[in-house]
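Worksheet for the structure shown next.
Where a number appears in this text, it was derived from the coordinates with a stated rule and is not lab data. These numbers come from a predicted model, not from an experiment. Quick reminder, even Gly has a Cβ in these numbers, built from the backbone with ideal geometry, and neighbours come from all protein chains shown.
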Amino acid sequence: ELKVEQNPLFLSMQEGKNYTIYCNYSTTSDRLYWYRQDPGKSLESLFVLLSNGAVKQEGRLMASLDTKARLSTLHITAAVHDLSATYFCAVVEPSGSRLTFGEGTQLTVNP
Amino acid sequence: GAGVSQSPRYKVAKRGQDVALRCDPISGHVSLFWYQQALGQGPEFLTYFQNEAQLDKSGLPSDRFFAERPEGSVSTLKIQRTQQEDSAVYLCASSPWGYVGTEAFFGQGTRLTVV
């Protein structure tokens with residue numbers, strides 16, 4: 001059974017600071033997603049990482065994937081309040097028919 | 001519409017009542033997924049359709065849960081004899097391919113509260 005673990009689960013940071021969210025998964029997968037969820041809203045796709053060493057950046061967020069270590073990171077640079085949300089990583093199971101999600105990281109960026 | 005549409009957005013059901021949740025995927029999308037998201041948790045897989053075929057229903061928590069997609073487009077998730085533990089947000093997602101692929105588009109969800 002595929003397990004996906006994120007840490008930290010809660011993150012409170014000041015504006016302007018940098019931080020990294022980690023996502024570990026237990027079995028081989030060739031696709032990993034990062035989603036953002038605002039309270040009461042659905043999931044917004046941020047990144048899809050398809051191969052070992054993949055790195056994608058959008059604004060203040062950068063995601064990377066190490067398939068050998070079964071680890072993805074979401075790095076936040078110079079955080080701003082608008083980034084406050086819950087961030088989920090999700091891994092595609094080998095069958096391709098489902099995503100398994102981590103528990104989510106609730107990020108709060110304080111002025 | 002351009003995105004995945006779910007209705008109703010909110011549903012309050014009395015314990016023991018049956019409910020039906022609807023999902024309109026993006027037109028032409030082959031795959032459709034249902035997920036259950038409990039408060040403060042990540043979404044958990046319920047079931048997967050490829051066109052009208054339900055290829056994976058291993059995530060359905062009990063035989064009170066039933067999903068269908070008879071014409072390969074709109075899908076309905078039915079929960080019979082609702083229990084308090086069924087209270088959650090039910091998310092629907094669709095994908096253009098016959099698998100999760102490089103993108104799965106999520107709807108806004110239906111928040112079910114069982115009282």
>> I want to check the label-to-label distance for B:SER27 and B:GLU52. Put each point 7 Å from Cα in the C-beta direction and report it in nm to one decimal.
In response: 2.1 nm
> What span do the alpha-carbon atoms of region A:1-82 cover on each of the three principal axes, reported in whole Å from largest to smallest?
Replying inline: 35, 27, 20
> Of the trypsin sites (Lys or Arg not before Pro) in region A:3-53, which ones lie in a loop per DSSP and count no more than 14 other C-beta atoms within 10 Å?
Replying inline: A:LYS3, A:LYS17, A:LYS41
> By counting other Cβ atoms within 10 Å of each Cβ, how are A:ILE21, B:ILE26 ranked from fewest to most?
Replying inline: B:ILE26, A:ILE21
> Relative contact order for chain A using alpha-carbon pairs under 8 Å, separation at least 6, rounded to a whole percent?
Replying inline: 37 percent
>> I want to check the label-to-label distance for B:THR76 and B:THR113. Put each point 7 Å from Cα in the C-beta direction and report it in nm to one decimal.
In response: 2.5 nm
> Would you list B:TRP97, A:TRP34 from fewest to most Cβ contacts within 10 Å?
Replying inline: B:TRP97, A:TRP34
> Within the protein assembly as shown, how many lysine pairs that are 8 or more places apart, or on different chains, have C-alpha atoms less than 28 Å apart?
Replying inline: 18
> Taking H as built 1.01 Å from N, whose amide H comes closer than 5 Å to the amide H of A:THR27, not counting residues under 5 places away?
Replying inline: A:LYS3
>> Can you give me the distance in nm between label points at B:TRP97 and A:ASP38, each placed 7 Å from the Cα along the Cα-to-Cβ direction?
In response: 3.0 nm
> Using the Karplus equation 6.51 cos²θ - 1.76 cosθ + 1.60 (θ = phi - 60°), what ³J(HN,Hα) coupling, rounded to whole Hz, does each residue of region B:24-39 give in order, writing x for Gly and Pro?
Replying inline: 9, x, 5, 4, x, 6, 6, 9, 9, 10, 10, 10, 10, 10, 6, 4
> What GluC sites (Glu not before Pro) in region B:1-78 are in a loop by DSSP, with at most 13 other Cβ atoms within 10 Å of the Cβ?
Replying inline: B:GLU52, B:GLU71
> Hey, if you drop one equal point scatterer on each alpha-carbon of region A:38-111 and run the Debye formula without solvent, what base-10 log of I(q)/I(0) do you get at q = 0.11, 0.19, 0.21 Å⁻¹?
Replying inline: -0.31, -0.90, -1.07
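I need the calculated FRET efficiency for the pair B:GLN83 and A:VAL80, taking r as the beta carbon distance and R₀ as 35 Å, to the nearest 0.05.
0.25
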> For the protein assembly as shown, with equal point scatterers placed on the C-alpha atoms only and solvent neglected, what are the log10 I(q)/I(0) values from the Debye formula at q = 0.12, 0.13, 0.15 1/Å, to two decimals?
Replying inline: -0.65, -0.76, -0.98
> So who's got an amide H within less than 5 Å of the one on B:LEU46, skipping anything under 5 residues away but keeping other chains? H placed 1.01 Å off N, in plane.
Replying inline: B:TRP34, B:TYR35, B:GLN36
> What residue among B:LYS57, B:LYS78, B:LYS14 has the largest mean-square fluctuation in a Gaussian network model of chain B, using Cα springs under 10 Å?
Replying inline: B:LYS14
>> Test of understanding: in a Gaussian network model of chain A with alpha carbons linked when under 10 Å, which of A:SER84, A:SER29, A:SER12 would top the mean-square fluctuation ranking?
In response: A:SER12
